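Visitor: Would you mind keeping the following structure in view while I ask a few things?
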């Protein structure tokens, strides 16, 4: 479980760094790292972000997650 918490923490740190990045290159790099952590979280043995039957998730990072800072919404 400790490694799972680490992945969650690292993903959130990269999302915050992406939001506060001043240049688009840095923002893109942090977003890519966050997506990498999100993939690792998704494949982790604990079903943290698996879809429920109604289409919702136990934890949906939006509006703070990767969807909120997608390249389409870059400043």
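Derivation of every value follows stated rules applied to the coordinates shown; laboratory data play no part. What you are looking at is a predicted structure, and each value in this text was computed from that prediction instead of being measured. Glycine gets a Cβ as well: all are built from the backbone with ideal geometry, and neighbour counts include every protein chain shown.
Visitor: How far apart, in nm, are two points set 7 Å out from the Cα along the Cα-to-Cβ line at residue 25 and at residue 40?
Guide: Inter-label distance under the simple model: 2.5 nm.
Visitor: Give me the extension gain from residue 3 to residue 16: residue separation times 0.36 nm, minus the current Cα-Cα distance, reported in nm with one decimal. Walk me through the numbers on the way to the answer.
Guide: Details: separation 13, 0.36 × 13 = 4.68 nm, distance 2.01 nm.
My answer for the length gained is 2.7 nm.
Visitor: Ranked by Cβ crowding within 10 angstrom, fewest neighbours first, how are 54, 3 ordered? The partial results should precede the final answer.
Guide: Details: 54 6, 3 10.
Exposure proxy ranking, most exposed first: 54, 3.
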